[in-house]
Amino acid sequence: MAIIEVVDLVKRYGAKTAVDGVSFTVDEGEIFGILGPNGAGKTTTVECVGGLRAADSGTIRVAGLDPRRDRVEVRRLLGAQLQESRLPERIRVGEALALYASFYPDPVDWHALLDRLGLADRVDVEYRKLSGGQKQRVSIALALVGGPRVAVLDELTTGLDPAARRETWDLVERVRASGVTVLLVTHFMEEAERLCDRIAVIDQGRVVAVDTPAGLVSRVDARQRVRFRPVGAFDADLLRALPEVTDVEEHGGRVVVTGTGELLHAVTSLLARNQVVAAELRVDQPGLDDAFLHLTGRAFSEVTP
Ligand SMILES: Nc1ncnc2c1ncn2[C@@H]1O[C@H](COP(=O)(O)OP(=O)(O)OP(=O)(O)O)[C@@H](O)[C@H]1O
């Protein structure tokens, strides 16, 4: 069942159309990603969903409610950790939680929440003294303290080191396991691929595709690449004869084989039959960045610094 429905959302800032006819639905219980490069319109979209900005046109429903007309109810249903939410430097973690809890009629037990988020021993610590990962966990706690049905998490792991990022991902999975639907805004391919059940890929204010990560990748040309360095003499024409192989390139003692189907199996079997040892064997599978290139004609790395 859809808990969020967005139909033909348009939002302009003066002459700039930041969101240009965006539509998607989020099912209850899923982690739904909004993935796109900087400036694609992701934050504007979720701010409209949360009722923080008025759309110029289009319809938004959160559990059947209009975020602007039914603002009070939607605020209770939807816990937002928005990109810009900053806390006063000297506020203590416990004070922040108590303050946010006071905004809601039926908040969760915030001590238990901090415990669940691994912040129980930070209750009396000032916000400014927390690490980047701890600050992000506090912002997740603030998004959850009202007991929402949907948590909106915007650029959650920007600025975190890889270990803190992975910890935060585990946490998002736990949030979903507790029954909360997650709307996750990100410009990290890996994050979207790892966490999301479905993803809306947004570019220049428009949705270019909505699908599962695997579904997005499967739209890309199914070619794979196998790379290796043969130890000893090797005739690359043997590879060219394989039905799975479409191309073979040789550079400086390395071989790059492009093809489809069971390419890796075909190549390694042939090498074994010919008693060739393949050093530095690697397989490149298409990923979400290839899907983005395929969908938009632009490489993600070109549009996101
Ligand atoms: N308050 C504003 N006034 C004018 N233009 C804005 C405003 N907020 C955003 N924009 C512009 O609208 C476009 C979409 O911005 P938005 O923040 O929604 O994108 P985003 O995909 O979330 O990117 P980022 O990850 O960089 O925040 C950008 O070109 C941005 O410069």
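The values are calculated or read from the model by the stated rules, or taken from the named source; none is laboratory data. Computed from a predicted structure; not experimentally measured. As a convention, Cβ positions derive from the backbone with ideal geometry for all residues, glycine included, and neighbour counts pool all protein chains shown. Just so you know, the surface numbers come from the protein's heavy atoms only, side chains and all, with ligands and any DNA or RNA stripped out. Shrake-Rupley method; radii C 1.70, N 1.55, O 1.52, S 1.80 Å.
Descriptive notes on the structure:
- Residue check, Glu5 closer than 20 Å to Thr212 by Cα, more than 10 Å from the ligand (Cβ to nearest atom) and open to solvent by 70 Å² or more (accessible area, probe 1.4 Å): yes
- Looking across segment 57-70, the residues that are exposed (fewer than 14 other Cβ atoms within 10 Å of the Cβ) and over 19 Å from Val180 (Cβ atoms) come down to Ser57, Thr59, Arg69.
- Residue list for segment 20-51, filter: β-branched (Val, Ile, Thr), farther than 14 Å from Leu184 by Cβ and near the ligand (Cβ under 7 Å from one of its atoms): Thr44
- Some residue of segment 57-67 being within 14 Å of the ligand (Cβ to nearest atom) and assigned by the TED database to the domain that holds Ala120: no
- Of all residues making up segment 257-275, the number that are β-branched (Val, Ile, Thr), open to solvent by 20 Å² or more (accessible area, probe 1.4 Å) and not in a helix (DSSP H, G or I): 1
- Filter result (free of Cβ contacts under 8 Å to residues at least 40 places away in the same chain, surrounded by 13 or more Cβ atoms within 10 Å (Cβ to Cβ) and not aliphatic (A, V, I, L, M)) within segment 219-249: Glu244, Thr246
- Filtering segment 149-167 to residues that are surrounded by fewer than 20 Cβ atoms within 10 Å (Cβ to Cβ) and more than 16 Å from the ligand (Cβ to nearest atom) leaves Arg149, Asp161, Pro162, Ala163, Ala164, Arg166, Glu167.
- Filter result for the condition that a residue is more than 16 Å from the ligand (Cβ to nearest atom), in the same structural domain as Val10 (by the TED database) and of a type outside the set (Gly, Ala, Ser), over Asp197, Asp235: Asp197
- Of the criteria (1) within 12 Å of the ligand (Cβ to nearest atom); (2) under 27 Å from Thr168 (Cβ atoms), which one Tyr13 fails: (2)
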